Amino acid sequence: MDNTLPPIQRYSLVARMFHWSMAAIIIPLWLLGFYVGRIMPHAATPQKALLLLIHKEIGPFIIVLTVLRLVWRATHRPPAMSAEIPEEERLVVQVGHFALYAMMLVVPLTGWVRSSVHGLPIPMMWVVDLPPLAHKAPVFVPLVNVLHQFSSWVLGMLIAGHVIAALLHRYGRKDRVMDRML
């Protein structure tokens, strides 16, 4: 009896680098935003200003990475899913990936608009200040704050679902789905 497994079709090295580097940026940035917005006292402090600056410097760069990743994805086919994956799961995977990509754009864009309506600079990676996407408009600040926070929570839930699904494949089903991205 031959127990060897067939070779697995993996994502390309570039796709895997996009995936893991973006995870290494987005997850800590999400946690930093959560910490500053929900755990730290609401009063302005130098520490809070520094953490917000870091959050704002890196956030817009996610737009650049996501666009590059989408271009890569559009020009390089991902490996085929295993034939063992039922059709309804395939649909969930496709919808989940679409939602993740969408939210990786929506969250930093709403942050950009948030800074714009506050009349604040929009720095990116300590190199460039981006132009505002809206005029200073204090009347819209509460709405844009809610949009940024809500979209951030949606992204956080999608990431959590993605991680849980990967771990369920790895340790629950004990299949090789997660190996495609390793």
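The values are calculated or read from the model by the stated rules, or taken from the named source; none is laboratory data. Nothing here was measured: the structure is a model prediction, and the numbers come from that model. Ideal geometry is used to build each Cβ from the backbone, glycine not excepted, and the neighbour counts take in all protein chains shown. Quick note on the areas: whole protein, heavy atoms, side chains included, nothing else; ligands and nucleic acids left out. Shrake-Rupley method; radii C 1.70, N 1.55, O 1.52, S 1.80 Å.
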Discussion item. Can you list residue pairs whose Cβ atoms sit under 9 Å apart, with the first residue in the stretch 84-106 being of a type in the set (S, T, N, Q) and part of a helix (DSSP H, G or I) and the second being at pLDDT 95 or above and surrounded by 12 or more Cβ atoms within 10 Å (Cβ to Cβ)? Count only pairs 6 or more apart in sequence or on different chains.
Written reply: none
Worksheet item: From the set of residues in the stretch 130-157 that are assigned to a helix (DSSP H, G or I), open to solvent by 50 Å² or more (accessible area, probe 1.4 Å) and touching a residue at least 24 places away in the same chain (Cβ under 8 Å), which is farthest from P28 (Cα to Cα)?
Response: L147
Worksheet item: Quick check, is L52 open to solvent by 50 Å² or more (accessible area, probe 1.4 Å), in contact with a helix residue (DSSP H, G or I) (Cβ under 6 Å, 6 or more places away or on another chain), assigned to a helix (DSSP H, G or I) and farther than 20 Å from A166 by Cα?
Response: yes
Worksheet item: Residues in the stretch 55-99 that are surrounded by 11 or more Cβ atoms within 10 Å (Cβ to Cβ) and within 12 Å of F18 (Cβ to Cβ): how many?
Response: 12
